[in-house]
Amino acid sequence: MDLQGKRIVVTGAGRGLGRAYAEAIAREGASVIVNDTDAHNAEGVATSIREAGGTAKEHVGRVDDWDESGAIIAACIEAFGGIDGLVNNAGLHAVNKFTEEDPVMARQIIEVNVLGGIFMSSHAARQMEAQKTGGVIVNVTSGAASGLSMMATYGASKGALAALTWNLANELKDVGIRVNAISPSAQTGMVDTTRAVRPSTVTWGPELMAPLVVYLLSDLSHHITGQIVKLWETELQLMRHHGPIQPTIKRDVWTPAAFAEVFAGELRDSLQHYQRDMDGYVPFS
């Protein structure tokens, strides 16, 4: 999975999964912008990469600010002469009862996770298109997008990133830009926070997720775009896109009674399993 000559930005790369992605990408020969809002963490990761023989430059900046996100991409162009890949890893997380939602934290989660992905992707795609050499964007979504209790706002933000992935994959395919998303799982500070209110079976480290990101950034995945890929330790899962469940049902006239008849009959076995825990879905009842 040779990334020699590739120029890649990883946001939120100062620790955890982002650090694992940045270090793995650098080991494969890419030049990496290590972005984070924590200057000490960003410098530490970039220094570690350089000491290991890789090429990296730290950059401190917020992804949820239009100008600062643009400056992150500009730093890659200034340091390495262009950009070939972007990993939208930066994100905020909270676990709380939805009836006790903190409006300040909710806004921060949406702005960093959703607007950050939009802003970074927009700046990166504009430069990639101008270079006429294509490029790759990898978004980071979450299993919470499919439904977990006490993670409604976070799950909604990650669901938005899945939708962003599908839309950008369609819009950018003609200019050679591939867009995919991963749904990672690893032992990080975020998982530790979750464990305080919900048991988790995640025990493996962030480094287990990094090869998937390297693959999606590499030319080995030249035919892959618009996909949501989940890795649960050693199990690889391809996530289903939104769309109608087949077969669809037709009636000349839809009345409340007709809906009741269909949902109790023809659609009964198609009702979706909306309840789930960290290990899978609970059968619909």
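The values are calculated or read from the model by the stated rules, or taken from the named source; none is laboratory data. Just so we're clear, the structure is a prediction, and the values are computed from it rather than from any experiment. Virtual Cβ from ideal backbone geometry, glycine too; neighbours counted across all protein chains shown. Keep in mind that these areas ignore ligands, DNA and RNA; they rest on the heavy atoms of the full protein, side chains included. Shrake-Rupley method; radii C 1.70, N 1.55, O 1.52, S 1.80 Å.
For the residue pairs 97/230; 97/250; 6/230; 6/173; 57/132; 158/250, the alpha carbons lie more than 29 Å apart in 97/250; 158/250.
Split the chain at each of the trypsin sites (Lys or Arg not before Pro) in a DSSP loop with at most 13 other beta carbon atoms within 10 Å, and the longest piece is 133-239. Here's the picture: charge each Lys and Arg Cβ at +1 and each Asp and Glu Cβ at -1 in the chain, and of 175, 243, 144 the one pushed furthest to the positive end of that dipole is 243. Computed on the chain, with alpha-carbon pairs under 8 angstrom and 6+ residues apart, the relative contact order is 16 percent.
The charge dipole of the chain, taken about its Cα centre with unit charges on the Cβ of Lys, Arg, Asp and Glu (plus for the first two, minus for the last two), comes to roughly 400 debye.
Taking Cα atoms only, the orientation of helix 39-51 departs from the longest principal axis of the chain by about 60 degrees. The slack between residue 246 and residue 52, meaning 0.36 nm per residue of separation minus the straight C-alpha distance, is 64.6 nm. Comparing 224, 137, 83 in a Gaussian network model of the chain (Cα springs below 10 Å), the most mobile by mean-square fluctuation is 224. The length gained on full extension between residue 96 and residue 79, counted as 0.36 nm times the residue separation minus their Cα-Cα distance, comes to 2.0 nm. Axis of helix 16-27 versus longest Cα principal axis of the chain: the two differ by about 50°, to the nearest ten degrees. Full extension of the chain between residue 267 and residue 39 yields a length gain of 76.7 nm, computed as 0.36 nm times the residue separation minus the alpha carbon distance. Solvent-accessible area of the chain (1.4 angstrom probe, protein heavy atoms only): carbon and sulfur portion equals 54 percent.
Per residue, the accessible area of the chain comes to 51 Å², computed with a 1.4 Å probe over protein heavy atoms only. Relative to the longest principal axis of the C-alpha atoms of the chain, give the angle of the C-alpha long axis of helix 152-172, reported between 0 and 90° and rounded to the nearest 10°. The angle comes out near 70 degrees.
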